[in-house]
Number of protein chains: 4
Amino acid sequence: MNWLEDSIMYKRGVASGKLGETHELSEGRQGKFHYTIGPYSEPVMEIEPGDRVIVETRDAFEGKIKTEQDLPSQKLQVPFLNPQNGPIMITGAEKGDVVAIHIESIKPRGDNPRGTCCLIPRFGALTGTEYTAMLNDPLPEITRKINLDEEGVYWSKRVMIPYRPHIGTLSLSPEIDSINSLTPDNHGGNMDVPDMGPGSITYLPVRSAGARLFIGDAHACQGDGEVCGTAVEFASTTTINVDLIKNWDIAWPRLETDQLVMAIGSARPLEDATRIAYYELVQWMAKEYGFDLWDAYMMLSQCGQVRLGNFVDPKYTVGAAIRKKYLKSI
Amino acid sequence: MNWLEDSIMYKRGVASGKLGETHELSEGRQGKFHYTIGPYSEPVMEIEPGDRVIVETRDAFEGKIKTEQDLPSQKLQVPFLNPQNGPIMITGAEKGDVVAIHIESIKPRGDNPRGTCCLIPRFGALTGTEYTAMLNDPLPEITRKINLDEEGVYWSKRVMIPYRPHIGTLSLSPEIDSINSLTPDNHGGNMDVPDMGPGSITYLPVRSAGARLFIGDAHACQGDGEVCGTAVEFASTTTINVDLIKNWDIAWPRLETDQLVMAIGSARPLEDATRIAYYELVQWMAKEYGFDLWDAYMMLSQCGQVRLGNFVDPKYTVGAAIRKKYLKSI
Amino acid sequence: MNWLEDSIMYKRGVASGKLGETHELSEGRQGKFHYTIGPYSEPVMEIEPGDRVIVETRDAFEGKIKTEQDLPSQKLQVPFLNPQNGPIMITGAEKGDVVAIHIESIKPRGDNPRGTCCLIPRFGALTGTEYTAMLNDPLPEITRKINLDEEGVYWSKRVMIPYRPHIGTLSLSPEIDSINSLTPDNHGGNMDVPDMGPGSITYLPVRSAGARLFIGDAHACQGDGEVCGTAVEFASTTTINVDLIKNWDIAWPRLETDQLVMAIGSARPLEDATRIAYYELVQWMAKEYGFDLWDAYMMLSQCGQVRLGNFVDPKYTVGAAIRKKYLKSI
Amino acid sequence: MNWLEDSIMYKRGVASGKLGETHELSEGRQGKFHYTIGPYSEPVMEIEPGDRVIVETRDAFEGKIKTEQDLPSQKLQVPFLNPQNGPIMITGAEKGDVVAIHIESIKPRGDNPRGTCCLIPRFGALTGTEYTAMLNDPLPEITRKINLDEEGVYWSKRVMIPYRPHIGTLSLSPEIDSINSLTPDNHGGNMDVPDMGPGSITYLPVRSAGARLFIGDAHACQGDGEVCGTAVEFASTTTINVDLIKNWDIAWPRLETDQLVMAIGSARPLEDATRIAYYELVQWMAKEYGFDLWDAYMMLSQCGQVRLGNFVDPKYTVGAAIRKKYLKSI
C-alpha cells in the first residue's frame, strides 16, 4: 500500500486523498514575485482542497546570477531576495485549520539547468554577519555555477553530489505580520529543511482566511545547516498537491514522510529552535498518539532524531522527528 | 547653553532646531491603532521637519486591563497587543535619511492615572515561553494596577519608585516587512530602552518614502531588562519634536542625551544584540568623531556603558553608549 | 578489505594497526572512580600504543538507582555523578600528539542487565535549569528501569528500541584544568554523540604527558540531543583499542567510521558548538584532503551532515561530518 | 554612620566587623602564581575571619607585556594567563558557609605605574573566537601601554578616563573542579564586574573546607562588557578584609555596596547569565527581605539594574541589582 493512504493528509484532509483539478502557476501567470509573506499581497489564484498546482519557482537569486563573474553584491539588492510564488488561496481555509502540502516532484527547469551557490559577504555561519556583528574583514565573495540534472549535482571535477531536491521556503501568511522571505518562523518561511522534498507532506497552520500559500527557493541539494549560507539554488518546476485539514490546532510547522513525523521550530539561539521542535513533538505524541507526556519526553531522549535545517537565516530552523514505527500501538 | 543646541538633531536636521507647527494626535484622530509597523497602513497625518506632535498613546494592553481581576488571558488577544499611533508621514524623508525624534515630555493621561503590570503566562525572562519552550507549568497570572503621578509610581505600601517615563516602542517602517509591534529590530520597534525618555533624541533610519513614524507603549518606569515581561504600562500624552537629517546612512537606531550617545541593537541571543550595539558605536566613533577604529574599540573596553533594554521580547535590545566628554577633541 | 586498514588510526598510528597487549580494567582494579577529568588524579594503569583495554564502566548514576522508586534527588549527590574509569597513561604521548580510541565493542554487564533513565529536577532541555534559570515549578522526578540485551532496549510494553550502544564520555586530560565529568569541551568529556559506538574511532588531542585517558557513561541507546537529560544509562564492558598518533595538531575531538569523518565541538549557545564543528571540518578538509578552503566551506553547505550530541549538559555538543566518498580524489 | 556597620558582612560575619590581624601577601611570599582555581594547589597562608590581607597582584599578562612592541602571541602562552594569588585558607570555613571580601583599597604598584590593554587575535566580543569560530581573518594584534595614577588613566592624548579600579577575578575553590582563571562560574572566577571595587563587599559560597580564596586581575578601569577582551590591566596592591558567614546557603556570588545589593551570574548565552542574576536576586528578596516572590519579580521589572561584567570570557557575567532603599520596610 502506498504510505500516503495512511498519511495524516489523506486521513484527515477535506479531499481525503482524492486528486482535484491541476493548475499551472507559470512564471508568466505569477507575474510579480513576492519578497514578503503576509496578508497584504494580491492572490495569484484560488484552488480547492485536493487540487494540484504545478509551480515554476525562480531560484533564490531570481536568476540574476548568470555566470561565475556575477557577484551577489553587484547583482542583488537586499531585501529583494528569495522570490516567492503565490499567494495561492485555498477555498474554505480559516484560522485554526491546517494546510497540507504534498510535494509530488521537484524538477530542474530550463534546457541546461544549472544551480548557483554564492559566498555572500557578511552572510553564512562561519563569518560575522549583520546580527553577529564582527569587526573582521568579510570573507571573499564567490559565485559558483553548478551543472545538475535529476541524477546529480556536478559540484566540481572531483565531487558529484546526488540530486536531493527540496523546497527551502514554504509558508502560509501570518495573521498580521508580513515577513521577508529570508526569515523562517511559526508560519513556515525560509526553513531550509532537506526533508521537505518529493514525497514529503508539510503541515502549516492557517492564520488568515484562505490561508495564502507561498512557495519558492528550490534547492538541488543541501547539507545540514546550509553552512555557507546558500545551497545549490535553482529554478524548478515543483508539483504540489494541497489539502485542507479543518480544526487542527498546531502552533508550528510539521512534516510527514513515509518513515517519520517531524515538528519544526525556528528561533535563535539554536537551542531554542531545538526546544520548540522537541516541545511540539512531545505534545503531539501526547495529544494524538496516546503517549503519557513524560513517557514521550523520556522516550525521545532515546530515539528522537534531529535535523538541522539552517543556522544562517535570521532565525535558525530545526526539525525533531520520531520514526513512525515507534508511534504504532502493539 | 541648552545642550540641544549642540545636538546632532539641531546641527544636522533640516529644521536646524527651529520649531514648526504643533499637531495633535488624539485618540480620536488616531482612530484605529496599529499592531504592526510596516508600509501597508494608512497614514494618520503628514508633518514637516521641525514640527511638534502631541500624541495620546494607549497603554500596551490598550486599556483593556481595568482592574486587578482582569487577567491578560481573558482580556487580550495575541497578536493584537501594544497598539501604536501613526503612521505619521514626514515630508521629504527618503530612504537613506534619518528621522530624529526629540521627546519633549511624557505625561500621565486621565484623571486618576494608573499603570498596569501583568505577569502573563509563558511571557517574561524567568519562565518558559513560546520560543524558549519548556514543559514546566506556567507561572501564575497576576495583574497589578499601580497609582502614579509625575512624582512617583506607588508600587506597593512598601515601595515607591520615581516616575521615570519613557517610550517603549518607537519606529519607522521597514522597507517591505510589516513587523508586529512586540518585536524590535533595526527599524526600532519594541526596544524598551529606559533612556528613551523626556529630553532624549532618538535617530531612526528611513527605509521608505515619508518615513512612516509609529509611536506607543509608554512606561512610567522600567528596570533594566523588563524582567517579568511588562513595565508600568500607562496611557500617556507624549510630546515629540521631529526633524529630518538628510543622507545619514545608519543601519540601527541611535540615541542622544545631554550626557551620552548610544547605538542600539536588537537580536537573539543577547550577546548578538550587544555586539550590534558596540559594533555600531565603534563604527560611529571612527566615522564621525575622528577615532582610529581600533583605538575606539579598545577604548570602549575601558569606558563603554551598556543598557539592557529588554530580554523578554521576540528580540532582545541593548544600547551601548559613550559619554560625550570622551568624544571631544582636546 | 576491512575499512580499518584504511583508517587514520591504522595509517598514522604508532602501532599501525598491530594489536598489542590486552589489559583488564575491572571495577576492582579501578577502585576509586573519578568525577573530574584532569591532571591531578592517580593513574590506574599505563599502556603501550596498540594495546587493548577491556573496561568495566559504571552507569552515570554509579549504580545507585536500583529501582523505579529510587529518585535521583535522594540517591545522587552533585557533583559526584558520571563516574569515569582511568586515567590510563599512554606511553610516549606528549602535548601535540593525538590518541586514537577504537571502540571494539560495548556489552551490557551483569546477569539481568537493565538501563536507567531519570527525569531529574532542573535538568534536561525542556525545563528551567541551573543555567537557564526559571521560576517555574520543576518537572516531576521520574525513574525508569529498562530491560535490555544486545538486541534491544525494552522501553515499554509498546516500544522496543534497537540496542545502539555508545560511550557518552571519553576524554584526555586538559593541560591544567580539572573538569567535572558532566561537561564536554575541547578535551572530549561528556559529549554524548551516538556515533561514538562500536566500530568508531575517536581522536583526542593530547594536552599532557601520558595523555591520561578517561572513559565512562555507556548508553544502550540515545536520541539526538538527549532531550530529557539522560539516555538509557547502563553498566558496560567496553573494549577499546588505543593508539598514538605523533604530532597531529588538532584543537577539538574528531571521529571516524567506515562511512564518514566528523569534527566535534562543544559550547553554548548551540550555534557556537555547530560553528566549531564545521570550522574544524573545513580546516581539516583544506589541510589534509587537498580542498581549497572556500570550496570546502561551500561544498559542506551542500553535503555536510550534523549530529546533535546533547543540548542538556553544561556545554552542548555537535558533530559535523562529511561522507568519505566525497573526500576521495577521482 | 558608616554604611558598613549595616552591611551583611558586619551583621552576620563571625568577626562582626571587628578587624583582626593584617597579613602581607607580597609577590615574594606568593611565589608561584596560579592559573586554575581549585582544590589541588598548596595554600599560601591561613587567616582568621576578620583578618586583613594586603595582596600584591600581578597584571593579567603577568607583567610580560612591557612595551607596545610586545605582542601577546609572542609573550603569552595559553593557558598560563591571568595569574592568581592564593589560595588563602580561612579558618573555620566549611561547605555551606559564605566568605565575605571587603575590598578596602586598590592601588597601583610600582614607581611609574602603567596599565596594559591588548587586542589579542581571536579574543574579544567583536571578532571570531575559539568558541564563536569564524573563517574571517583575525583582527590586528595591538598592545597599548597606558600611564595611570590614582586620579586617572591617561588613555591617549585625547582621552583621560577616571581611575575606577576593581578586581576582575575573585574566587573560592569549587568542590572538585579546578577551573582556569579566565573562566567565571558560580565559584566566582573571572567575572570582570566593575562594581567590585574599593568599598564593595563580595560574598562567595564556600565549597570546600577552608574556602581557598584566590584573587587577581586588577583593572584600573573597565567599560561594561570589556568589549575588546581586555581592560587596563595593572599590577596592584589590593587590601581586603575577609570575614566568614556561617550557614548562608547561596548558589552564586553576591555583592554589596552602600547603595545596592547585586546577584551575579555567569553563563552563555548572555541571557542565561542575566537569568541567573535576576533569579538569584528574586529569591534573595523573597527569602531575606520579606517580599512575596511574585511581587519581587514584578517589582524588579520596574527598578532592577543590570551591569554587564564581560561578554568576552569563556562564560559571560551579569550582575542584577536593586537599590537598598527599595529593600527597607516603611
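The values are calculated or read from the model by the stated rules, or taken from the named source; none is laboratory data. Every value quoted in this text rests on a predicted model; they were computed, and no experiment measured them. Every residue, glycine as well, gets a Cβ built from its backbone with ideal geometry; the counts of neighbours run over all protein chains shown. Note: accessible area is taken over every heavy atom of the protein model, side chains too, but ligands, DNA and RNA are not part of it. Shrake-Rupley method; radii C 1.70, N 1.55, O 1.52, S 1.80 Å.
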message = Going residue by residue through the range B:317-327, is there one that turns out to be without any contact (Cβ under 8 Å) to a residue 40 or more places away in the chain, within 21 Å of D:GLY229 (Cβ to Cβ) and outside any loop (DSSP other than H, G, I, E, B)?
response = yes
inquiry  = Just to be sure before I move on: is A:ALA251 modelled with pLDDT of 95 or more, open to solvent by 10 Å² or more (accessible area, probe 1.4 Å) and under 15 Å from B:LEU135 (Cβ atoms) in the structure I sent?
reply    = yes
message = If I filter the range C:208-227 down to residues being of a type in the set (Gly, Ala, Ser), within 14 Å of chain A (Cβ to nearest Cβ) and assigned to a loop (DSSP other than H, G, I, E, B), which single residue comes out as nearest to C:VAL55 (Cα to Cα)?
response = C:ALA220
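I'd like the full set of residues that are more than 9 Å from chain C (Cβ to nearest Cβ) and among the aliphatic types (A, V, I, L, M), limited to the range A:284-303. Step through it out loud before you land on a result.
Looking only at the range A:284-303, we keep the residues that are more than 9 Å from chain C (Cβ to nearest Cβ), and these are A:284-289, A:292-293, A:296.
Correct list: A:MET285, A:ALA286, A:LEU293, A:ALA296.
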ask   = Across the range A:304-330, which residue is least open to solvent (accessible area, probe 1.4 Å) among those that are touching a Pro at 6+ places or on another chain (Cβ under 9 Å) and at the interface with chain C (Cβ under 9 Å from one of its Cβ atoms)?
value = A:TYR316
remark   = Taking the range D:1-38 and keeping residues more than 15 Å from D:HIS102 (Cβ to Cβ) and either among the basic types (Lys, Arg) or without any contact (Cβ under 8 Å) to a residue 24 or more places away in the chain (or both) leaves D:MET1, D:GLY28, D:ARG29, D:GLY31, D:LYS32
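What is the residue count in the range B:75-91 for residues that are among the aliphatic types (A, V, I, L, M), in contact with a strand residue (DSSP E or B) (Cβ under 6 Å, 6 or more places away or on another chain) and surrounded by fewer than 23 Cβ atoms within 10 Å (Cβ to Cβ)?
Within the range B:75-91, the subset among the aliphatic types (A, V, I, L, M) is B:76, B:78, B:81, B:88-90.
Retained after the next criterion (residues that are in contact with a strand residue (DSSP E or B) (Cβ under 6 Å, 6 or more places away or on another chain)): B:88-90.
Add one more test, that the residue is surrounded by fewer than 23 Cβ atoms within 10 Å (Cβ to Cβ), and what stays is B:89.
Counting residues in the range B:75-91 that are among the aliphatic types (A, V, I, L, M), in contact with a strand residue (DSSP E or B) (Cβ under 6 Å, 6 or more places away or on another chain) and surrounded by fewer than 23 Cβ atoms within 10 Å (Cβ to Cβ) gives 1.
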ask   = Among D:GLU151, D:GLU94, D:GLU130, which is the only one that is touching a helix residue (DSSP H, G or I) at 6+ places or on another chain (Cβ under 9 Å), of a type in the set (Asp, Glu) and open to solvent by 30 Å² or more (accessible area, probe 1.4 Å)?
value = D:GLU130
inquiry  = Name the residue that is nearest to the other protein chains (Cβ to nearest Cβ), counting only residues in the range D:30-50 that are in contact with a helix residue (DSSP H, G or I) (Cβ under 9 Å, 6 or more places away or on another chain) and either within 17 Å of D:THR169 (Cβ to Cβ) or basic (Lys, Arg) (or both).
reply    = D:PHE33
request  = Give me a count of the residues in the range B:186-200 that are surrounded by fewer than 24 Cβ atoms within 10 Å (Cβ to Cβ) and closer than 21 Å to B:LYS95 by Cα.
outcome  = 1
query = Is one or more of the residues making up the range B:167-174 under 20 Å from the mean Cα position of the chain (by Cα) and closer than 20 Å to D:TRP294 by Cα?
reply = no
query = Checking D:VAL98 against (1) modelled with pLDDT of 95 or more; (2) closer than 30 Å to B:LEU293 by Cα; (3) of a type in the set (A, V, I, L, M, F, W, C), which single condition isn't satisfied?
reply = (2)
query = Could you count how many residues in the range B:268-283 are among the β-branched types (Val, Ile, Thr), facing chain D (nearest Cβ under 8 Å) and touching a strand residue (DSSP E or B) at 6+ places or on another chain (Cβ under 8 Å)?
reply = 1
Test result for C:PRO121, in a loop (DSSP other than H, G, I, E, B) and under 21 Å from the mean Cα position of the chain (by Cα) = no
task = Quick one: count up the residues across the range A:97-124 that are among the small types (Gly, Ala, Ser), away from chain C (no Cβ under 14 Å) and buried (at least 24 other Cβ atoms within 10 Å of the Cβ).
result = 1
inquiry  = All but one of (1) hydrophobic (A, V, I, L, M, F, W, C); (2) away from every other protein chain (no Cβ under 14 Å); (3) free of Cβ contacts under 8 Å to residues at least 40 places away in the same chain hold for B:ALA133; state the number of the condition that does not hold.
reply    = (2)
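Within the range A:228-248, restricting attention to residues that are over 30 Å from A:LYS145 (Cβ atoms) and crowded, with 24+ Cβ neighbours inside 10 Å, which residue is nearest to the other protein chains (Cβ to nearest Cβ)?
Just the residues of the range A:228-248 that are over 30 Å from A:LYS145 (Cβ atoms), to begin with: A:241-248.
Retained after the next criterion (residues that are crowded, with 24+ Cβ neighbours inside 10 Å): A:242-244.
Details: A:VAL242: 25, A:ASP243: 27, A:LEU244: 23 Å.
Result: A:LEU244.
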task = Kindly indicate the residue of the range A:169-207 that is polar (S, T, N, Q) and outside any strand (DSSP E or B) and also farthest from the other protein chains (Cβ to nearest Cβ) among those meeting that condition.
result = A:SER200
message = If I filter the range B:51-64 for residues that are under 19 Å from B:SER105 (Cβ atoms), acidic (Asp, Glu), in contact with a helix residue (DSSP H, G or I) (Cβ under 8 Å, 6 or more places away or on another chain) and modelled with pLDDT of 95 or more, do I get at least one hit?
response = yes
key: Single residue of the range A:142-165 satisfying the filter (assigned to a loop (DSSP other than H, G, I, E, B) and in contact with a strand residue (DSSP E or B) (Cβ under 6 Å, 6 or more places away or on another chain)) that is farthest from C:TYR326 (Cα to Cα)   = A:PRO165
ask   = So which residues in the range C:40-74 are of a type outside the set (D, E, K, R), open to solvent by less than 40 Å² (accessible area, probe 1.4 Å) and more than 26 Å from C:ARG114 (Cα to Cα)?
value = C:SER41, C:VAL44, C:MET45, C:ILE47, C:PRO49, C:GLY50
task = Tally the residues that are open to solvent by 10 Å² or more (accessible area, probe 1.4 Å), among the small types (Gly, Ala, Ser) and within 21 Å of C:GLY229 (Cα to Cα), restricting the search to the range A:254-291.
result = 1
task = State which residue is surrounded by the fewest Cβ atoms within 10 Å (Cβ to Cβ) when the search covers only the range B:1-32 and only residues that are closer than 17 Å to B:LEU260 by Cα and of a type in the set (A, V, I, L, M, F, W, C).
result = B:MET1
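Please go through the range B:114-129 and give me each residue that is basic (Lys, Arg) and either farther than 9 Å from B:VAL232 by Cα or at pLDDT below 95 (or both), ordered by number.
To start, the set of residues in the range B:114-129 that are basic (Lys, Arg) comprises B:114, B:122.
Residue satisfying the conditions is B:ARG122 alone.
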request  = May I ask you to say which residue of A:GLN283, A:GLN259 is farther than 27 Å from A:ARG58 by Cβ and without any contact (Cβ under 8 Å) to a residue 60 or more places away in the chain?
outcome  = A:GLN283
